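The values are calculated or read from the model by the stated rules, or taken from the named source; none is laboratory data. Computed from a predicted structure; not experimentally measured. For neighbour counting, all protein chains shown are included, and Cβ atoms are generated from backbone atoms with ideal geometry for every residue, glycine included. We work out accessible area using only protein heavy atoms, side chains counted, and drop any ligands, DNA or RNA first. Shrake-Rupley method; radii C 1.70, N 1.55, O 1.52, S 1.80 Å.
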Amino acid sequence: MTAGVDPGAKRAILEACDALRADGLTTLERLVRCPSTLGNEGSALDEMARIYEGLGLAPRRIPVDMAALKDHPGLSPQLIPYAGRDNVVAVHRPRNATGRSLVLQGHVDVVPEGAEDEWTTPPYEPAIRGGRLYGRGAGDMKAGIVSYVTAFRALKAAGLQPAAEVQMHSVIEEECSGNGALACMVAMPKADAVIIPEPGPGLPAIYSAEVGVVWAFVTVTGRPAHVRDKQAGVNAVEAAMAIWQRFEAYEREMNRAEHIHASFRGVNHPVNVNLGTFQGGEWNSSVATRATLGLRVGVMMGNTADQVRADILRIADTARDDAALRGAKVKVEFRGFHADPCVFDMEAPVAKLAMRSYAEVAGVELRKYPATGLTDGRFFTLYQGTPVACFGPDAQEIHGIDESVGLDSMHDITKSIALCMAEWCGVEKA
Ligand SMILES: [Zn+2]
């Protein structure tokens, strides 16, 4: 089957992809209607279970068991309880396993919609404008999930099926820990390759590398006072801002050329330190008692999450002596991402097949993308040694307002995954 799929079968698969395009769009709209932010993934997970059943597969729930994973180097500290939020997987088994096995993986969780009143149309009411589907999660990454599902359906519609085991993983918490992906990877057999259809940076792309990420919460406790005695108090909000300035200095340092790994050469400002959330103060006329910075700190290739965690502790520690803090107490907690960076092997057969399939379908090459954000691909790469092709459609404004995915681009990804699956796994009569 490495010699390729015969031209007749290939034509039938691509025609089936075309015939299923409208169905795929309906499926994407259903998924975008699920507001699957952290802790609210249930409706999207149930939808995925129904979709897998519709493929003739038996969905299985896989919990995130923190106790079972506690010694795994890829585990991130827990944010919220895992009960009732089990991942969903399904497995296709061939009659005769003659090809190479495959995992098709995607996350159902989405980041918060932000200021809903800034959206042109509501974030969880999918809307099509100018050949794009708008909605939170449309691009990141519900379109990619629908693409792999439609690709599998297209093989079946062409009277074929993969001649190797194909696992499908729908996971939680890609956007904050990766623990959903890790739990599924550990629970399932190792496959010969993984495809993750994460979106490209505003254009179709294949991930060549990605940074790591550490999340930290820095809490400052000052000394409250009535505002008439302001000088007697220590303002926690002001102290927290002084600490944030130290993290900005750290970010500048980490982006100096000598700290940038070769895989990220030419990428503008690859190490981002983000002050994503802030809670502080109690009353306009009281000196603030407490403030918490919610930080996301990038980890450059060559550095590790452990080292960055130590950097964060050191920055908080030295801030304690800062006159601007006036004796405020500083506490650091790590919850959420503890993720190492990784490089994806662009010479791996599955990566080359993805690039070749996409070029055949779209007539242009996938852009190689060293990403300044991360995916679940690191788990398979770093801890399992399974090659990953992480490639997906043109998505815009992911994590922003008016997120969208290009529908022609999504269709190209569907066809590319269908060709990849047929060639990687081989095909047999359905
Ligand atoms: Zn994503």
With every protein chain in place, the chain: carbon and sulfur % of accessible area (1.4 Å): 50 percent
Relative contact order for the chain: what percent, with Cα pairs under 8 Å and sequence separation of 6 or more? 26 percent
Output ordering of 17-25, 158-166, 223-231, 266-274 (per-residue mean of other Cβ within 10 Å, highest first) is 158-166, 17-25, 266-274, 223-231
Cross-link partners of Lys156 among lysines (Cα-Cα below 18 Å; sequence separation of 8 or more within a chain): Lys10, Lys415, Lys429
Considering amide H positions built from the backbone, and no H for Pro or chain starts, which residues 5 or more places from Ala288, or on another chain, come under 5 Å of its amide H? Ala236, Val237
Provide the per residue accessible area, probe 1.4 Å, for the stretch 212-339, rounded to a whole number of square angstrom. 52 Å²
Taking every pair of distinct Cα atoms and averaging 1/r, then inverting, what Kirkwood hydrodynamic radius in Å comes out for the stretch 118-166? 12.8 Å
For Lys10, what accessible surface area do you get with a 1.4 Å probe? Give it in Å², rounded to 10. 50 Å²
Show me the ranking of peptides 357-364, 42-49, 141-148 by mean Cβ neighbours inside 10 Å, starting with the highest. 141-148, 42-49, 357-364
What order, most packed first, do the peptides 301-308, 114-121 have when packing is the mean number of other Cβ atoms within 10 Å of each residue? 301-308, 114-121
With label points built 7 Å along Cα→Cβ from the Cα atoms of Asn274 and Lys70, find their separation and express it in nm. 3.2 nm
Enumerate the lysines that Lys331 could reach by cross-link, defined here as Cα to Cα under 26 Å, with residues fewer than 8 away along the same chain left out. Lys70, Lys230
In sequence order, what are the phi-derived ³J(HN,Hα) couplings for the stretch 190-200 according to the Karplus relation 6.51 cos²θ - 1.76 cosθ + 1.60 with θ = phi - 60°, rounded to whole Hz, with x for glycine and proline? 5, 9, 7, 6, 10, 10, 10, x, 6, x, x
Under the helix-only model (-39500 (n - 2.57) for each DSSP H run of 4 or more, divided by the residues of the chain), the mean residue ellipticity at 222 nm, to 500 deg cm²/dmol, is -10000 deg cm²/dmol
In Å³ per residue, the alpha-carbon convex hull of the chain encloses 139 Å³
Ala323 to Gln384: extension gain in nm, 0.36 nm per residue of separation minus the Cα-Cα distance? 17.2 nm
Based on the Cβ-Cβ distance from Lys230 to Asp345, what FRET efficiency comes out when R0 is 60 Å, to the nearest 0.05? 0.55
HN-Hα J in Hz across the stretch 415-426 - Karplus 6.51, -1.76, 1.60, θ = phi - 60°, x for Gly and Pro: 5, 5, 5, 4, 5, 4, 4, 4, 7, 5, 8, x
